[in-house]
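The values are calculated or read from the model by the stated rules, or taken from the named source; none is laboratory data. In this text, all values refer to a predicted model and were calculated from it rather than measured experimentally. Virtual Cβ from ideal backbone geometry, glycine too; neighbours counted across all protein chains shown.
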Ligand code: AMP
Ligand code: ZN
């Protein structure tokens, strides 16, 4: 069975052939650490975690390298640091913001069942690599210095008579149209409106490093250069898969390709470009002003992370998701059932009916439909398949216990009431047994009578 992936550059699903099956390499753009991650940010984390797990399943755990960066230098971080820690020197305040936000991000995505990537490089630890790429670009005539900035020139790239890709190929934009449509208030130091910043001077007090290209003043990197630098350092000049949200195709990924390919004289940076669709909440674009901005942290207060994970995977990664509470509730019910029947069972091999759709460009909705199919006839296959997808990290008792804890229900008290109710029914005191059932319902406990006895669960 072969893996097929949709590639944004070629706009088609292609068979995945790794450059080196002993070292399959994937880079995904990670968070900018200045605030709690929202549920939209969880989407690439979960989607590419599924791909990471699938690649490990296919090529072996030791043969897959997954790099997801942490952006810890950015204007948004500087602004937040100045706002939250006005008494501290800016650099110290920035460290506090990035450390605290980074810790929170890890707690959030661990709870979503995402494996830690093989490497999580930080932008500020790769300034040397950024400077080296910038030097190469200036030396190659693709970038120039102006007023202590270094700018990349897409026009120089497209004028180069070489085997480089065309600027605009990934996002299917024509450079001529970009030039024609450029805004008029272009920064004065740019030769052309489409030039983008590789390096810029730092204001006093801002983070700063020695500049490349003979610039005397200290400065700091533009946004795009960091991913070219970190991907190069950890995965090489050319690797297999590059991922991120669809909003990153332009300009971020277009510019990454330009930087990397021009610096290393490559036709390609990554062989497959993968982008997840956007998430909206209750049919609206998530935004702070609409009041529907939901952080992962808030959702985790109400739901186990695996519920959020399942809810995310019910939609194919390239489609938009409408995140609704109704759908989350349904995902919780499904997972409760799977935990009950499969969590304590010795897992079998992941079922072909589940792996098959995953191999077809990560078709998780179809894989989940297959899980429902296994529920009736192959519990070991269900258990193995759920584990492949990053579920069942707990035992059934732990799962139930956590739910009870979250709901504040005292399991011992429930058991005591159930015993009283059974006794009441035995003596045909149905008034009393109904009273106890209503009491349990008021506590948020649903009971089910069957031939085997009475079972109970937390009603959602
Ligand atoms: P940021 O921290 O904004 O750079 O975003 C981190 C990652 O989350 C990027 O891969 C974005 O494309 C992705 N992302 C941000 N917002 C959403 C959203 N609403 N839906 C899906 N992905 C998103
Ligand atoms: Zn990036």
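Summary table below
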read-out	value
Residue in region 52-64 that is in contact with a strand residue (DSSP E or B) (Cβ under 8 Å, 6 or more places away or on another chain) and within 16 Å of ligand 1 (Cβ to nearest atom) present	yes
Condition check for residue 16: more than 10 Å from the chain's Cα centre (by Cα), surrounded by fewer than 23 Cβ atoms within 10 Å (Cβ to Cβ) and either within 10 Å of ligand 1 (Cβ to nearest atom) or modelled with pLDDT under 95 (or both)	no
Residue within region 395-417 that is part of a loop (DSSP other than H, G, I, E, B) and modelled with pLDDT of 95 or more present	yes
Verdict on residue 241 being within 16 Å of ligand 2 (Cβ to nearest atom), surrounded by 16 or more Cβ atoms within 10 Å (Cβ to Cβ) and under 16 Å from residue 74 (Cα atoms)	no
Looking only at region 217-231, and only at residues there that are more than 21 Å from the chain's Cα centre (by Cα) and either without any contact (Cβ under 8 Å) to a residue 12 or more places away in the chain or not in a loop (DSSP other than H, G, I, E, B) (or both), the one that is nearest to ligand 1 (Cβ to nearest atom)	221
Strands (runs of 3 or more DSSP E) completely within region 1-78 that count 1 or more residues being within 16 Å of ligand 2 (Cβ to nearest atom)	24-28, 64-68
From 307, 341, 355, residue being out of contact with any strand residue (DSSP E or B) (no Cβ under 9 Å at 6 or more places or on another chain), assigned to a helix (DSSP H, G or I) and either closer than 26 Å to residue 8 by Cβ or assigned by TED's automatic domain parsing to the domain that holds residue 106 (or both)	355
Filter result for residue 267 (surrounded by fewer than 17 Cβ atoms within 10 Å (Cβ to Cβ) and either more than 14 Å from ligand 1 (Cβ to nearest atom) or in a helix (DSSP H, G or I) (or both))	yes
The listed residue being free of Cβ contacts under 8 Å to residues at least 24 places away in the same chain and either in the same structural domain as residue 142 (by TED's automatic domain parsing) or not in a helix (DSSP H, G or I) (or both), out of 289, 211	289
Check on residue 145, assigned by TED's automatic domain parsing to the domain that holds residue 269 and either within 28 Å of residue 244 (Cα to Cα) or under 18 Å from the mean Cα position of the chain (by Cα) (or both)	no
Exclusive hit being in a strand (DSSP E or B) and either touching a strand residue (DSSP E or B) at 6+ places or on another chain (Cβ under 8 Å) or surrounded by 19 or more Cβ atoms within 10 Å (Cβ to Cβ) (or both), set 138, 150	150
Near pairs, Cβ below 6 angstrom, 6+ apart or cross-chain, from region 53-82 (more than 30 Å from residue 96 (Cβ to Cβ)) to any residue that is within 16 Å of ligand 2 (Cβ to nearest atom) and assigned to a strand (DSSP E or B)	65/25
Of residues in region 20-45 being farther than 27 Å from residue 95 by Cα and crowded, with 22+ Cβ neighbours inside 10 Å, the one nearest to ligand 1 (Cβ to nearest atom)	26
Pairs where the first residue, in region 191-206, is more than 21 Å from residue 131 (Cβ to Cβ) and the second is at pLDDT below 95 and outside any strand (DSSP E or B), C-beta under 6 Å, 6+ apart	193/182; 193/186; 194/178; 194/179; 205/90
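Quick grid of which residues meet (1) outside the structural domain of residue 331 (by TED's automatic domain parsing); (2) under 29 Å from the mean Cα position of the chain (by Cα); (3) closer than 30 Å to residue 50 by Cβ:
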| residue | (1), (2), (3) |
| --- | --- |
| 374 | no, yes, yes |
| 379 | no, no, yes |
| 386 | no, yes, yes |
| 415 | yes, no, no |
| 423 | yes, no, no |
| 429 | yes, no, no |
